[in-house]
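Every number here is computed from the coordinates shown, using simple stated rules; none is lab data. Here the structure is a predicted model, which means the values were calculated and not measured. Please note: Cβ atoms are built from the backbone with ideal geometry, for glycine as well, and neighbour counts cover all protein chains shown.
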Amino acid sequence: MLTRAQGITGGDRIRAHLRNILLALLIPPEQGSADVQTRVIIIVGVNGSGKTTTAARLAYHYKSEGKQCLFAAADTFRAAASEQLEYWADRLAIEIIKGLRGSDPGAVVFSATQAALARKIDVLIIDTSGRMHTQHNLMDELKKICSVPAKLIPEAPHQVLLVLDATTGQNGISQANSFAEAVDINGVVLAKLDSSGKGGIAFEVASQLAVPILYAGVGEGLQDLIAFDPALFVDTILGLGEIIR
């Protein structure tokens, strides 16, 4: 509790103190990363969280930097999921590796990793099937998927990104914890942050998972995935700034 005894009496000083408290809850993203021949990124999350759209937006981001990307459609259970990724692949002029419906997603990931190395692809983006955090058999399958790229690229995957719908509230915390227990999550994407009243889930997710929030989805377009800025986010919540654009 903030009291006059602590010497914090003015509204601006209280707001500044609160700002520091909130910032301390968020883990700042790492500055830069080591260059690798082929960067492997795996997208995970529950159904409807925005994984495939996030995969497309990441590809758009890397292509804008002049990097060559490849998609792996590791959701082999839903035809609609593969079709959605194919739509983005066509729109972005990016090749996609996929398997037959119902085939082993691990095999698709292995083939995609082979292709990425052979073609000297800069970034391999793997879109996995959505799964509820309570589906233990599917969480075990996710562990296998995440272990496959390392058979060809020793330190892969370089990123496992958990996509969370910023509007899910407390249930998002349960999802985040379950995914983190199953695989080595090293970054979070907050989708639909523009639709969330405050996005307060960010603080609990960051503190419980001890991983940074790397991106925020703030619109419908390919360009509407922005690097998450903890200071700007906190200022937005406190009415000191605007996170969207």
Original post:
For the range 38-49, in order, what is each residue's ³J(HN,Hα) by Karplus, 6.51 cos²θ - 1.76 cosθ + 1.60 with θ = phi - 60°, in whole Hz (x at glycine and Pro)?
Top reply: 9, 8, 10, 10, 10, 9, 10, x, 7, 4, x, 7
Original post:
Helix 51-64 sits at what angle to the longest principal axis of the chain, using alpha carbons and giving 0 to 90 degrees rounded to 10?
Top reply: 90
**OP:** Apply the Karplus parameterisation 6.51 cos²θ - 1.76 cosθ + 1.60, with θ equal to phi minus 60°, to every residue of the range 117-124 and state each ³J(HN,Hα) to the nearest whole Hz, in sequence, with x for glycine and proline.
**Re:** 5, 4, 9, 6, 6, 6, 9, 9
Original post:
Taking amide hydrogens as modeled 1.01 Å from N in the peptide plane, which residues meet the under 5 Å criterion relative to Ile126, leaving out close sequence neighbours?
Top reply: Ile41, Ile42, Ile43, Ala72
Original post:
Considering only DSSP states other than H, G, I, E and B, which trypsin sites (Lys or Arg not before Pro) in the range 55-105 qualify as loop sites with at most 13 other Cβ atoms within 10 Å?
Top reply: Lys67, Arg78, Arg101
Original post:
Count of lysine pairs in the chain with Cα atoms under 27 Å apart, counting only pairs 8 or more residues apart in sequence or on different chains?
Top reply: 26
Original post:
Exactly which chymotrypsin sites (Phe, Trp or Tyr not before Pro) in the range 61-166 are in a DSSP loop and have at most 16 other Cβ atoms within 10 Å?
Top reply: Phe77
**OP:** Scan the chain and hand back the longest stretch that contains none of the GluC sites (Glu not before Pro) lying in DSSP loops with at most 15 other Cβ atoms within 10 Å.
**Re:** 66-154
Original post:
When the convex hull of the C-alpha atoms of the chain is computed, what volume per residue in Å³ does it have?
Top reply: 127
Original post:
Normalised by the residues of the range 37-237, what does the relative contact order come to in percent, with Cα pairs under 8 Å and at least six apart?
Top reply: 25
Original post:
Which value, in Å to one decimal place, does the Kirkwood hydrodynamic radius take for the range 47-93 when every pair of different Cα atoms is included?
Top reply: 11.1
